[in-house]
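Here the structure comes first, spelled out in structure tokens, and everything after it is commentary.
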Amino acid sequence: MTEKMNLKEIEKKAYRFTFQDGIYDIMFGVLLVSFALAPILREVIGLGYILFLVIPAPLILTLGKRYITVPRIGIVKFGLNRQVAHKKLVIISVILVIITLILLMMTITKTFPGTLGTMLDGYAVPLIIGISTIIGMGVFAYIKDFPHLWIYGLIIGLSIPVAEVLYKTIGTPLNGIIAFGVPGIVILIYGSLILFRFLHKYPLPKEEMSNENSG
Amino acid sequence: MKTQDKRAIDDVQPLTTVDKVIHEPARLNIMAYLYVIESADFLFMMRQTGLTFGNLSAHMSKLEAVGYIKVVKEFVGRKPHTMLVLTEKGKQAFDEYRKQMKQFFNEI
């Protein structure tokens, strides 16, 4: 039993080691800032603003891991359990993104079915989006085994109804800037600090190491 | 020979048959990591074990010489990488080592 527990801890340590670059944190920070800027971008470039919502975050993750993380800490492939979990995650993420985008479009265009749009003084839909985001991100965090994601899911989930509340008092785009922009910038700064610490702790390896790794 | 001395010798004997290749702390660390993951490159193992490049190289060579690990060259993206994998023989040896150590600590 003790041996199994220790090996589990070793595997968990190795797995969580791959998250200490701050890339995921920066990604979520950028995502929130994108949401904050969405009303302004919509005014400037029309429906094309959706590209600014969906492209930067995955791009940061992919490029960050490839050009910053891997050259500094190497590559690891985890066992079957993690690989299966990762595949589930991809499927769940795609479904969540599609549902969220549909709900967001319905919010923007005010095309809700039945009386949904007017329930709870019009807060029903943002609340539904917020709760489903929290649940979805919670599932994501559980499968990914990345504790920060719970908090980020909560922040994103709460920002949506908060933005709606602020919309009725201060209007757009300030509501988005405050509801999404402020936490987004805080997370971005936090992620950047983690990244800075990571770069300092794990400099690029010397040439003999690079040659060994390249075969 | 007194019964106590004989018993002490019997307790120690399992340790004399333990796999000396695995029993070294650095190599035990390497084997443990490779046991729980599918594969990793040199740099990752260096970061995890805290060993220097030369030190890790030397231990890897010993493990490879006895057939416990194998070096696999594969492409990640378009870049070739040298990945380290625990062989079936290595897994069995590690399991046997764990069993022996558990037995030893249970008996003392």
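Among the residues examined, B:T52 qualifies as closer than 25 Å to A:R16 by Cα, of a type in the set (V, I, T) and exposed (fewer than 13 other Cβ atoms within 10 Å of the Cβ). Applying the condition of being over 30 Å from B:K99 (Cα atoms) and within 14 Å of chain B (Cβ to nearest Cβ) to the stretch A:4-38 and asking which residue is surrounded by the most Cβ atoms within 10 Å (Cβ to Cβ) yields A:D21. Filtering the stretch A:21-49 to residues that are within 14 Å of the chain's Cα centre (by Cα) and charged (D, E, K, R) leaves only A:D25. Close Cβ contacts (under 7 Å, 6 or more residues apart or on different chains) running from residues in the stretch B:67-95 that are more than 11 Å from every other protein chain (Cβ to nearest Cβ) and without any contact (Cβ under 8 Å) to a residue 24 or more places away in the chain to residues that are surrounded by 16 or more Cβ atoms within 10 Å (Cβ to Cβ) and outside any strand (DSSP E or B) comprise B:G67/B:T87; B:K70/B:T87; B:T87/B:Y68; B:K89/B:Y68. Scanning the stretch A:85-102 for residues that are open to solvent by 70 Å² or more (accessible area, probe 1.4 Å) and hydrophobic (A, V, I, L, M, F, W, C), we see that the one that is farthest from B:Q48 (Cα to Cα) is A:I102.
For the stretch A:39-79, residues that are open to solvent by 50 Å² or more (accessible area, probe 1.4 Å), at pLDDT below 85 and facing chain B (nearest Cβ under 8 Å) total 0.
Evaluated against (1) crowded, with 21+ Cβ neighbours inside 10 Å; (2) at pLDDT below 95, B:L63 falls short on exactly one condition, (2).
Condition check: open to solvent by less than 30 Å² (accessible area, probe 1.4 Å), more than 12 Å from chain A (Cβ to nearest Cβ) and modelled with pLDDT under 95. Does B:I22 satisfy that? Taking the combined requirement at face value, the residue satisfies it.
The values are calculated or read from the model by the stated rules, or taken from the named source; none is laboratory data. Predicted model, so just to flag it, every value in this text is computed and none were measured. Cβ atoms come from the backbone with ideal geometry, glycine included; neighbour counts cover every protein chain shown. All accessible areas refer to the heavy atoms of the entire protein, side chains included, with ligands and DNA or RNA removed. Shrake-Rupley method; radii C 1.70, N 1.55, O 1.52, S 1.80 Å.
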